[in-house]
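Novice: Before we start, here is the structure in question, set down as structure tokens.
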Amino acid sequence: MLWLTLQQLKSKSEKTRLHAVEKLTALADKGETDVLDHLILALQDPVAEIRTLVARSFGSINEERLVEPLINALRDHDSVVREAAAESLKKRREPSAIPAFVNLLKDESPRVRWFAASALETMGWTPRDDVQRAWRTVALGKLEQAAELGAAAIDPLVSVLKEGVYYKRLEAVDALSRIGDVRVVKPLINALWDEDSNVRTAVVHALSKVGDTRAVDPLILALKDKDNRVRTAAVEALSRINDPRAVQPLSRLLSDGSWDVRAAVVEALGRIKDPQVLDPLVSVLRDSDSDIRHVAAVALGKLGDARAVEPLVLTLKDEQESVRQAAEAALIKIDPNWEKSEGARRVVPQLEAALKSDEYWVRNAAAAVLKRIVGEERQVNLGSAEFADRVTYKRQEAAEILMAALKDEDSDLRQAAAEALGRLGHRPATEALLSALLDTDEWVRRAAAAALETLSWQPTDTGQHALQTVILQRWVQAVSLGTAAVDPLISALTDEDSGVRYCAAEALGKIKAGRAMQPLSFLLQDQYKPVRRMAAQAIVSIGLDQATPMQRAYVAVELGDWDSAVAVGAFAVTPLVAAVRRRLEEPELASAAAAALQRINDPRAALELVGLLSDPEVAGEALVSLQFLLANRSADLEVEALRKMEKLERSVVHVYEMEETIGGYVRTGQRPLDADFVRLAAQSALAKRGLTS
């Protein structure tokens, strides 16, 4: 029936031609070389899937006449075809392909570049200079090593910035920042508009490290980035470059909705030490967040401008003790005798007005400041000593009731008790609130952490500090605490709030905590895509060399690195199938995952794929993958898998069509699954081994 197969090669139907090529490759595997000329012609087929199948099959056929067609296929416009041809030539260790492989070191596809570099390494090729050495090193994924070659590595690293997957772009940014050549500034600036916010953040840090003033204007534009982490990094970078042009743009961010950004701006303005930053910093002393007010007071102290005395004196009546302490420290830095200054005396009327405040601590603080300025006790209208004692007793009694309520079975009551203790300002409640930081209810934990902060409690060790910081969701601060924050962050990975899980995963990735690898891997199956993606990015940051094959597979699928997913082989089947099942929610991801599943070339996957044929959701993709395995790896398939394939019964597969009006797929019906090729090929493979039914 060879004549029929050859006729099918000329069919207008892509499916028919594909089946014909599959049959011919199976014959070629058996040593029937008379079909090779027909397969060589099939390398010109308009369908990339057919050309790929042919190019990959040639890797296991020891025929000299296949070398030239494979070398020509290295110039195919489809990267998957080039990859298949490179893989086959690598297997053959064909020396005549070396010049073509050298050219492929600059291919637009990272996967093709890797195959070329790997082949050259296998064949013992020696680069003629640092430029070629850099291209090969980058193609092999050793970006940090490439950076050691200096300027020669700039162009290869920039190519990764343009075409590499997310985590490779991150590595490229870091490598470029290590080179110390002014020529890295322009490509880094261009990367400020990368689609991935993690890459943009890394670029900002890199530009800060380089410190070139050409980056000032682009960094000012980065202050408008939609991601608060990028904005925060841009603020810090501009403060390090210390260019006056940044003052006004930074000042406009003092009303930013992100706490991290506002805090970074205040610190940055304090470092710039330009007279025009005074007014913006003074305005922040009225911020609703006590931490921001605290940072502003510290920054004004560093600025050392005598004009800040008046607003700082008024800050001495702030309701938060930590803010008052920071303001006093700043005043002493500006003027050790600030109490006698004209600025202090000018605010006396405002301090007197504060004596009528509804807040007990504000009245007390105002009275204390007035005493220091004018040298006499001020009437605070707190009433008689007897009344004050009575109030103190009532406060004590209320605090004891509230502390007891922290142990109540009702979580809502425990939360309310923690919040009330913070408002009451009862410092002896600290120990009870510390215990509440370990409460089983997250809202109780948050209320306790906030109350401790209101009481100006100072952690006795970094562990306590980290626990409070994570509970209050101050992620940047948690990262700065390093390994001490790892355990609280791991606990946060199971939080009911997806936003908390996302931020905890991001923080663990920045800390690069190895023991967080397993907890993070559970998030790779989270119901929310942003959480899954961030978990994958965090695992990459920690190091894929520490991950299991299954974890690497899930990471590759989540990050859309389909070549890496396919390379993991059988371990990728489960995550790829999970992605295909999200066809209705994430159509683009599902389509790409389906294509990757069809390329699985690992014989160990056969049994799992056979099992999937009974599932109409993914049976079509599983069938194509099995056809691919039978055409290329039939000799390596387990007998059990082949037995199951030869006994396949007819089943059905769901049919989906893209509905443009909703931007997604809809199920339109089902069709029979044609498994004839799989059954026949399995029977043939068993027969070759002398195993017949």
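Novice: Return the pairs, sorted by first residue and then second, in which the second residue is assigned to a loop (DSSP other than H, G, I, E, B), the first residue lies in region 100-127 and is without any contact (Cβ under 8 Å) to a residue 24 or more places away in the chain, the beta carbons are less than 7 Å apart, and the residues are 6+ apart or on different chains.
Specialist: If the second residue must be assigned to a loop (DSSP other than H, G, I, E, B), the pairs left are ALA117/LEU105; ALA117/LEU140.
Novice: All but one of (1) open to solvent by less than 20 Å² (accessible area, probe 1.4 Å); (2) touching a Leu at 6+ places or on another chain (Cβ under 7 Å); (3) modelled with pLDDT of 85 or more hold for GLY343; state the number of the condition that does not hold.
Specialist: Only one criterion in (1) open to solvent by less than 20 Å² (accessible area, probe 1.4 Å); (2) touching a Leu at 6+ places or on another chain (Cβ under 7 Å); (3) modelled with pLDDT of 85 or more is unmet by GLY343, namely (2).
Novice: Say we look at region 34-52 and pick out the residues that are among the hydrophobic types (A, V, I, L, M, F, W, C) and in a helix (DSSP H, G or I); which of these is farthest from the chain's Cα centre (by Cα)? Write out each step before concluding.
Specialist: Taking region 34-52 as the starting set, the residues that turn out to be among the hydrophobic types (A, V, I, L, M, F, W, C) are 35-36, 39-43, 47-48, 50.
From what's left, in a helix (DSSP H, G or I): 35-36, 39-42, 48, 50.
On the way: VAL35: 49, LEU36: 47, LEU39: 44, ILE40: 44, LEU41: 45, ALA42: 42, ALA48: 33, ILE50: 36 Å.
Filtering first and then ranking leaves VAL35.
Novice: If you take the residues of region 166-188 that are modelled with pLDDT under 90 and either outside any helix (DSSP H, G or I) or touching a Pro at 6+ places or on another chain (Cβ under 8 Å) (or both), which of them is most open to solvent (accessible area, probe 1.4 Å)?
Specialist: Within region 166-188, the match that is most open to solvent (accessible area, probe 1.4 Å) is GLY180.
Novice: Looking only at region 592-645, count every residue that is touching a residue at least 12 places away in the same chain (Cβ under 8 Å) and not in a helix (DSSP H, G or I) and tell me the total.
Specialist: The qualifying residues number 12.
Novice: Could you run through region 443-465 and say how many residues are farther than 12 Å from PRO488 by Cβ, of a type outside the set (A, V, I, L, M, F, W, C) and at pLDDT 80 or above?
Specialist: 1
Novice: Also, I was wondering about something else. So which residues in region 321-330 are open to solvent by less than 20 Å² (accessible area, probe 1.4 Å) and closer than 19 Å to ARG423 by Cα, if there are any at all?
Specialist: The one that is open to solvent by less than 20 Å² (accessible area, probe 1.4 Å) and closer than 19 Å to ARG423 by Cα: VAL323.
Novice: Looking only at helices (runs of 4 or more DSSP H) that fall completely inside region 73-162, which ones have 2 or more residues that are open to solvent by 10 Å² or more (accessible area, probe 1.4 Å) and in contact with a Phe, Trp or Tyr (Cβ under 7 Å, 6 or more places away or on another chain)? Walk me through it before giving the result.
Specialist: Numbers: elements: 79-92, 98-104, 110-122, 130-139, 143-147.
Here the list reads 79-92.
Novice: Name the residue that is most open to solvent (accessible area, probe 1.4 Å), counting only residues in region 422-456 that are more than 32 Å from the chain's Cα centre (by Cα) and polar (S, T, N, Q).
Specialist: So, considering only residues that are more than 32 Å from the chain's Cα centre (by Cα) and polar (S, T, N, Q), the one most open to solvent (accessible area, probe 1.4 Å) is SER435.
Novice: Determine the pairs where a residue that is farther than 17 Å from VAL203 by Cβ, located within region 142-170, has a partner that is open to solvent by 50 Å² or more (accessible area, probe 1.4 Å) with Cβ atoms under 6 Å apart, the partner being 6 or more residues away or on another chain.
Specialist: LEU149/ASP130; ALA152/ASP130; ALA152/VAL131
Novice: Only one of these conditions is not met by ASP194: (1) modelled with pLDDT of 85 or more; (2) over 17 Å from VAL476 (Cβ atoms); (3) surrounded by fewer than 19 Cβ atoms within 10 Å (Cβ to Cβ). Which number is it?
Specialist: Condition (3) is where ASP194 drops out.
Novice: Any idea how many residues of region 53-66 are in a helix (DSSP H, G or I), open to solvent by 10 Å² or more (accessible area, probe 1.4 Å) and without any contact (Cβ under 8 Å) to a residue 40 or more places away in the chain?
Specialist: So the answer is 3.
Novice: Now for a different question. Across region 110-146, which residue is nearest to ARG178 (Cα to Cα) among those that are modelled with pLDDT under 90 and acidic (Asp, Glu)?
Specialist: So the residue we want is GLU144.
Novice: If you scan region 588-618, which residues turn out to be of a type outside the set (Gly, Ala, Ser) and closer than 13 Å to GLY560 by Cα?
Specialist: GLU588, LEU589, LEU597
Novice: Within region 73-85, is there a residue that is basic (Lys, Arg) and farther than 27 Å from ARG111 by Cβ?
Specialist: no
Novice: Right, here's the next one. What pairs can you find where one residue is in region 500-528 and on the phi > 0 side of the Ramachandran plot and modelled with pLDDT of 90 or more, the other is crowded, with 22+ Cβ neighbours inside 10 Å and part of a helix (DSSP H, G or I), and their Cβ atoms are less than 6 Å apart, with a gap of 6+ or different chains?
Specialist: From region 500-528, no pairs qualify.
Novice: Just one of (1) over 23 Å from ASP561 (Cα atoms); (2) open to solvent by less than 10 Å² (accessible area, probe 1.4 Å); (3) within 24 Å of the chain's Cα centre (by Cα) trips up SER208, so point out which.
Specialist: The number of the failed condition is (2).
Novice: Does region 565-581 contain any residue that is touching a helix residue (DSSP H, G or I) at 6+ places or on another chain (Cβ under 7 Å) and either touching a residue at least 60 places away in the same chain (Cβ under 8 Å) or hydroxyl-bearing (Ser, Thr, Tyr) (or both)?
Specialist: For region 565-581, residues touching a helix residue (DSSP H, G or I) at 6+ places or on another chain (Cβ under 7 Å) and either touching a residue at least 60 places away in the same chain (Cβ under 8 Å) or hydroxyl-bearing (Ser, Thr, Tyr) (or both): absent.
Novice: Go through the residues of region 361-369 one by one and say whether even a single one is within 22 Å of ARG307 (Cβ to Cβ), in contact with a helix residue (DSSP H, G or I) (Cβ under 9 Å, 6 or more places away or on another chain) and modelled with pLDDT of 85 or more.
Specialist: Looking through region 361-369, none of the residues is within 22 Å of ARG307 (Cβ to Cβ), in contact with a helix residue (DSSP H, G or I) (Cβ under 9 Å, 6 or more places away or on another chain) and modelled with pLDDT of 85 or more.
Novice: Residues to consider are ARG293, ARG286; find the one that is buried (at least 20 other Cβ atoms within 10 Å of the Cβ), closer than 27 Å to ARG346 by Cα and of a type in the set (Lys, Arg).
Specialist: Values: ARG286 fails: buried (at least 20 other Cβ atoms within 10 Å of the Cβ).
Checking each option against the conditions leaves just ARG293.
Novice: Which residue pairs have Cβ atoms under 7 Å apart, sit 6 or more places apart or on different chains, and have a first residue in region 28-52 that is more than 25 Å from HIS77 (Cβ to Cβ) and among the β-branched types (Val, Ile, Thr) and a second that is in a loop (DSSP other than H, G, I, E, B) and open to solvent by less than 60 Å² (accessible area, probe 1.4 Å)?
Specialist: Pairs that qualify, where the first residue is more than 25 Å from HIS77 (Cβ to Cβ) and among the β-branched types (Val, Ile, Thr) and the partner is in a loop (DSSP other than H, G, I, E, B) and open to solvent by less than 60 Å² (accessible area, probe 1.4 Å), are THR33/GLU63.
Novice: Filter region 577-591 for residues that are crowded, with 18+ Cβ neighbours inside 10 Å and not in a helix (DSSP H, G or I) and give the result.
Specialist: Within region 577-591, ARG583 is the sole residue that qualifies.
The values are calculated or read from the model by the stated rules, or taken from the named source; none is laboratory data. The structure displayed is predicted, hence computed values, not measured ones. Glycine gets a Cβ as well: all are built from the backbone with ideal geometry, and neighbour counts include every protein chain shown. Accessible surface is based on the protein model in full, side chains and every heavy atom, while ligands, DNA and RNA are left aside. Shrake-Rupley method; radii C 1.70, N 1.55, O 1.52, S 1.80 Å.
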